[in-house]
């Protein structure tokens, strides 16, 4: 049940990082998620489902999204 909050937390952080980057005139943003410990205790299939929701949402909004391992997201716009 606690895992259900992960996409919302990643989404919140992504929105904040994008807004900050735009204010600074940057064309990309980095979202740190290492503190969520996504690499521990979550089966790969479940992890894919958790992060794909946010990745697809950002991609559909026109952002280019790539994951740096499982600790950070790079968002280009």
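Things worth noting here:
- The length gained on full extension between residue 76 and residue 35, counted as 0.36 nm times the residue separation minus their Cα-Cα distance, comes to 12.6 nm.
- In this rough spin-label picture, where each label sits 7 Å from Cα along the Cβ direction, the residue 69-residue 12 distance is 2.5 nm.
- With Cα atoms, 0 to 90° folded angle of helix 44-60 axis to the chain main axis: 20 degrees
- Among [x] 75, 29, 17; [y] 38, 24, 21; [z] 34, 30, 18, the entry that matches Cα extents along the principal axes in Å as calculated here: [y]
Values quoted throughout were computed directly from the atomic coordinates according to the rules given, and no laboratory measurement underlies them. Everything numeric in this text was worked out from a predicted model, so none of it was measured. Cβ sites come from the backbone with ideal geometry, for glycine too, and all protein chains shown count toward neighbours.
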